[in-house]
Structures are given as structure tokens and as C-alpha cells.
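Peer 1: Encoded as C-alpha cells, here's the structure I'll be asking about.
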Amino acid sequence: MTTSTAPVVVGIDGSDSAIDAVRWAGAVAEKWGAPLRILHALPTIGRNLTQTAGAMVAAMMSYQRDSADIFLKAASEAVSADRPDLEVTTTSVNVPADEALIAASQDARLVVLGGRPVSATAALLVGSTALAVATRAVCPVVAFRGDKVLPGTGSIVVGVDDSPAAESALTTAFALADRLGSPLKVVRSMSIAAFETGVTIPLLIDWEGLEAADLAALTETVDTHNKNHPSVEAKCFLEPVSPGKALLRHVYGADLVVVGTRGRNALAGAVLGSTSLNMLHHSPVPVMVCHAKD
């Protein structure tokens, strides 16, 4: 499947948030000239359920199966009302949502997750679809947050470091900013640079020199991407805090935050200090997670 025909896939569960995610995904698909595929699947199931929890999950499964056609019709009508010329297809499958969306990512340009926010208790009972898909999908994954269904009115924020995953995130962020006509904020944590020096006597560090060198390197990297997307207004920011806090300083009022992730397995996703997981839990705006190019 070529890039031009690869669909934007959005997973739904019948919630109001899922409808907003469909409308957001439809706007992105239209900007990309891509078709939209709306996918309904069963809830992701956690492990070691008690008998009571198992009964609750079984009832939820039955409800989702019985209501699939209703959910898909409502989602399709919502996006078609916004974008009548957009090519939209709907699919319902009787497998867990994480499995269905990971499989769909093989041929997708983007996977968007729409659904209710998951509390710690709910995650224990039904698992985390967002975490599973973000760590194992082939294409970039967006976990929809907030209520802005018209991307392009705010900025795109992307976090970078020196990893291949961050390079992929920056490439994707530039391409999307170009399509949406959005300004781009490129954010790097100065704490990363400080830790990588391996110093133990911080008073002897030339912090101003380190910041100047880091900013010069960041600007050079951004300028390289900007040459491929000259219409994108890109600004660089260095923040003397952890990567997660650095990004949260810039996401309020933004349309999207883009991060890279180094792992594709459950163990990588379980690292609570990871920037991508931090954003999935705390960002008030949609979060795009990108993997390094193979």
C-alpha cells in the first residue's frame, strides 16, 4: 500500500470522546488526502481478573458487540457531516482493540485512539489499549485528548533528544505541521545534556557554554528539516527540566504533542519514567507516539 492510499485508522468505543477523535482523525486524513477507516473492536482485557471483575468484563463485551453497528453509524455520520467528500469506511471485529489496531497499523499511515480516559483502577481491569498500541504499532499512534476536533488552529509541539526515535518524531512533526499549516515548537530538555556529560561537580560546569552548544546543535537539526518544509514556522526551546516537564510547559493551547519511543514491547512501555508514557498520562492535548525507522 502506497503512502497516498494508506488510511488513517481510528478506533472507537462509543464514547463522546471517541466521536471527537473520529472528527479529529477525519480532519487530518483530509489534509493528507488519505481515506479514513473507523474501527470498532472489543475492550482490551487485563490479566488475573477476579470472578466479579470477569463478570463485569463479560457484560461490557456483550454490550460492545451488540452496539457496534450503532457506534460505527454515529461516528461515520459525525465525520461525514464535517467532511462530506472524505472517503470513510467502517469495520467491526470481535477481537480485543489492541490486537485489532496493532494489526491495522501494518497498512495505516496513522492510528488514532479515541475513548474514555482510563483511571488506574480501570486500567487494572480492562488493560491499557493506548499503551499496548503505542508500544507495538508499526505506524505513528495518536492518543486523542481534550476536545479540539479541528487541528491546525494551534501549534504542534515535538520533543527531541539524540535518539533515532526522536529523529522520527521530528520528521513526522514537520510533515504534519506542513500539511496542517501549524507552527512547530521543538523542545529539548537541558537535563538530558547535563546527565549525558557524566559530571559529578555541577559548579564546575560552564552551563552557559553547554546551553549555547546545545542550542546550536538543535537549531542546526531543525534547519535541516526546515529546508524540506520551508513553509513551517519552527522555533527551538531548551528547558532546564526533565523531558516530560519540558513538554508540558508548551502543550497547553497546542493542537498536538509528538514524542518518540525507543521500545516496541510491554517492558519498554512499563517504564514509568519514559517521556512518551508521561505524555500519555498527563497531556491535555492529543499525543502522537513515533518509533525509530527500521
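Peer 1: Can Gly244 be described as open to solvent by less than 30 Å² (accessible area, probe 1.4 Å) and in contact (Cβ under 8 Å) with a residue 12 or more places away in the chain?
Peer 2: Considered against the rule, which asks whether it is open to solvent by less than 30 Å² (accessible area, probe 1.4 Å) and in contact (Cβ under 8 Å) with a residue 12 or more places away in the chain, Gly244 comes out as yes.
Peer 1: Taking the condition in contact with a helix residue (DSSP H, G or I) (Cβ under 6 Å, 6 or more places away or on another chain), open to solvent by 10 Å² or more (accessible area, probe 1.4 Å) and either modelled with pLDDT of 90 or more or over 17 Å from Pro7 (Cβ atoms) (or both), does Ala132 pass?
Peer 2: Taking the combined requirement at face value, the residue satisfies it.
Peer 1: Ok, one more. Hey, among Ile192, Ile201, which residue is open to solvent by 70 Å² or more (accessible area, probe 1.4 Å) and at pLDDT below 70?
Peer 2: Selected residue: Ile201, the only one of Ile192, Ile201 that is open to solvent by 70 Å² or more (accessible area, probe 1.4 Å) and at pLDDT below 70.
Peer 1: Have a look at Asp178, Asp162 and point out the one that is part of a helix (DSSP H, G or I) and open to solvent by 20 Å² or more (accessible area, probe 1.4 Å).
Peer 2: Residue meeting the stated conditions: Asp178.
Peer 1: Confirm whether Ala123 is within 26 Å of Leu256 (Cβ to Cβ), modelled with pLDDT of 90 or more and part of a helix (DSSP H, G or I).
Peer 2: Spelling it out, it is not the case that Ala123 is within 26 Å of Leu256 (Cβ to Cβ), modelled with pLDDT of 90 or more and part of a helix (DSSP H, G or I).
Residue-wise test of (1) in a helix (DSSP H, G or I); (2) open to solvent by 50 Å² or more (accessible area, probe 1.4 Å); (3) modelled with pLDDT of 90 or more; (4) not β-branched (Val, Ile, Thr).
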| position | (1), (2), (3), (4) |
| --- | --- |
| Ala55 | yes, yes, no, yes |
| Ala58 | yes, yes, no, yes |
| Gln64 | yes, no, no, yes |
| Ala68 | yes, no, no, yes |
| Leu72 | yes, no, yes, yes |
| Val79 | yes, no, yes, no |
| Glu99 | yes, yes, yes, yes |
| Ala103 | yes, yes, yes, yes |
| Arg116 | no, yes, no, yes |
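Peer 1: If you go through region 73-86, how many residues are touching a Gly at 6+ places or on another chain (Cβ under 9 Å) and not charged (D, E, K, R)?
Peer 2: 6
Peer 1: For Leu215, state whether it is at pLDDT 85 or above, of a type outside the set (D, E, K, R), over 23 Å from Leu131 (Cβ atoms) and buried (at least 16 other Cβ atoms within 10 Å of the Cβ).
Peer 2: no
The values are calculated or read from the model by the stated rules, or taken from the named source; none is laboratory data. What you see is a predicted model, and the numbers here were worked out from it, not measured in a lab. In this analysis, Cβ positions are derived from the backbone assuming ideal geometry, glycine residues included, and neighbour counts consider all displayed protein chains. For accessibility, only protein heavy atoms count, side chains too; no ligands or nucleic acids. Shrake-Rupley method; radii C 1.70, N 1.55, O 1.52, S 1.80 Å.
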